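Reviewing the structure listed below.
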Amino acid sequence: MGAFIVLIGLSGFARAGGPASSDASSWREIETKYIFGFTTGSGIGIEGEKEFTTDTIGRFGKRGGRYSATETKYEFEFTPSQFVQIEFGALGSTHDIRNATDLDDRRQVAFSGGFGEFRYLALERTSNNPLSVTLAFEPTVRLVDETSGERVHNYEFETTLNADLELVRNRLFAGFNLLYEPEYTHTLLDETIRETKLGGSAALSFRLAPNVLIGAEVWYLRHYDDFALSAFTGDAVMLGPTLFVRFTPKMFMTAAWNTQVWGREVSSPFSLNLAEFQRNRAKLKFAVEF
Amino acid sequence: MYVLTMSRKLVFATLCTAMLPFSTASAQQATEIQISYSNGQFQPREVRAPADKPVLFRIRNLEGKAMEFESTSLRVEKVVAAKSQGVINVRPLKPGRYEFYDDFNESARGVLVVE
């Protein structure tokens with residue numbers, strides 16, 4: 001969280017470097033995809049635009065001892081048409097686990113897999129229609145389990161609906177996501193695990209300056225031990241601040257911090273759900289367009 | 001000979017239908033809009049086009065350095081070299097105002113009004 005405050009301080013640098021006008025009507029329109037933190041906006045970029053990004057998600061805090069894990073996407077993104085965006089890349093992960101309940105102690109850095117993403121703009125925003133909606137499909141293959149760091153074969157198919165609304169022109173935006181994320185895991189012990197994450201989010205992002213947006217988001221996430229959403233095991237609510245800073249016309253960053261503020265595990269007396277989710281999560285993404 | 005089953009035909013037809021909007025080229029006649037760029041400004045700054053028809057921008061850069069025609073709402077960009085011309089195809093548009101600008105020059109702005 002301290003790092004997040006430092007990032008907000010750094011955003012002052014971008015703010016100082018941007019156009020001085022406080023009249024938002026004179027600001028350029030903004031691409032909404034990355035302005036909501038973990039919530040993804042509907043933007044698909046500009047036809048012909050290419051982007052390289054590093055996108056790191058850190059997860060911190062499980063029941064018991066110490067738990068810290070990160071997964072970084074090294075991602076190439078391009079927009080081949082005015083309706084479609086395609087992304088693909090490799091995954092790297094780190095795990096630092098000690099005395100956490102139900103997890104083996106581990107300290108490791110690993111290449112952990114690859115992913116692709118296909119985004120289709122289903123409804124576009126115009127000056128007469130503030131709502132924009134994109135459908136996204138993201139198949140992922142992992143060789144390292146996201147949570148435990150064990151060697152596995154994991155196949156995930158994240159499906160999301162990304163919507164956003166321009167509430168006040170060039171100033172205030174609302175974002176909404178719906179998530180359905182089934183995954184199949186085959187462990188080294190020859191076990192197979194089927195599970196699904198289902199959820200939704202709402203976010204608000206305020207454009208403080210032409211190149212700086214701050215906001216907040218809330219996620220409600222449910223976990224099931226099957227694909228058909230019949231074996232419910234627990235749920236959680238994550239809440240936290242978001243930040244987007246455009247340093248130059250071709251370079252930006254986005255950051256977010258979510259804390260679990262409510263959660264439950266089926267047949268467990270504990271408050272919070274630290275079995276399927278984490279106490280805190282953070283996101284830090286840097287992108288260069290070309 | 002390979003014969004498509006009914007289900008494969010259905011999948012093929014669905015894919016073909018889904019791919020239609022991916023192409024910015026259209027059988028419809030495009031509305032051509034000519035814009036010149038000089039002294040760091042677009043000329044004219046406001047242009048008009050009919051709704052639901054593709055638009056073709058022809059940008060003439062009269063300056064001695066490159067410019068980048070870009071628009072977030074039109075979802076297009078093109079670098080136009082010094083003393084040359086660039087062509088940009090845009091999908092059929094719904095009524096509204098679509099801003100464009102030179103990505104290399106904060107003060108160069110223009111707007112396409114679709115009605």
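If only residues of the stretch A:89-98 that are touching an Asp or Glu at 6+ places or on another chain (Cβ under 7 Å) and hydrophobic (A, V, I, L, M, F, W, C) are counted, the one that is nearest to A:ALA275 (Cα to Cα) is A:ILE97. Residues that are over 17 Å from the mean Cα position of the chain (by Cα), at pLDDT 95 or above and in a loop (DSSP other than H, G, I, E, B) are absent from the stretch A:84-102 altogether.
Return the only residue of A:LEU221, A:LEU239, A:LEU243 being without any contact (Cβ under 8 Å) to a residue 24 or more places away in the chain and either surrounded by fewer than 16 Cβ atoms within 10 Å (Cβ to Cβ) or not β-branched (Val, Ile, Thr) (or both).
None of the other options fit; the residue is A:LEU239.
State whether the residues of the stretch B:30-39 include one that is within 14 Å of chain A (Cβ to nearest Cβ) and either modelled with pLDDT of 95 or more or closer than 24 Å to A:LEU123 by Cα (or both). The answer is yes, given that some residue of the stretch B:30-39 is within 14 Å of chain A (Cβ to nearest Cβ) and either modelled with pLDDT of 95 or more or closer than 24 Å to A:LEU123 by Cα (or both).
Restricting attention to the stretch A:158-182, which residues are touching a helix residue (DSSP H, G or I) at 6+ places or on another chain (Cβ under 7 Å) and surrounded by 22 or more Cβ atoms within 10 Å (Cβ to Cβ)?
Scanning the stretch A:158-182 gives no hits.
Picking from A:ARG59, A:ARG98, A:ARG66, which residue would you name as being crowded, with 20+ Cβ neighbours inside 10 Å and charged (D, E, K, R)? The conditions single out A:ARG59.
The set of residues in the stretch A:123-138 that are part of a strand (DSSP E or B) and loosely packed, with under 15 Cβ neighbours inside 10 Å comprises A:LEU123, A:ASN129, A:PHE137. Is the stretch B:84-105 home to any residue that is surrounded by 13 or more Cβ atoms within 10 Å (Cβ to Cβ), more than 14 Å from the chain's Cα centre (by Cα), in contact (Cβ under 8 Å) with a residue 40 or more places away in the chain and away from every other protein chain (no Cβ under 11 Å)? No, the conditions are met nowhere in the stretch B:84-105. Within the stretch A:95-119, the set of residues being without any contact (Cβ under 8 Å) to a residue 60 or more places away in the chain, under 22 Å from A:PHE76 (Cβ atoms) and not hydrophobic (A, V, I, L, M, F, W, C) comprises A:SER112, A:GLY113, A:GLY114, A:GLY116, A:GLU117.
The values are calculated or read from the model by the stated rules, or taken from the named source; none is laboratory data. What you are looking at is a predicted structure, and each value in this text was computed from that prediction instead of being measured. Heads up, the Cβs are rebuilt from the backbone with ideal geometry, glycines too, and the neighbour counts pull from every protein chain shown.
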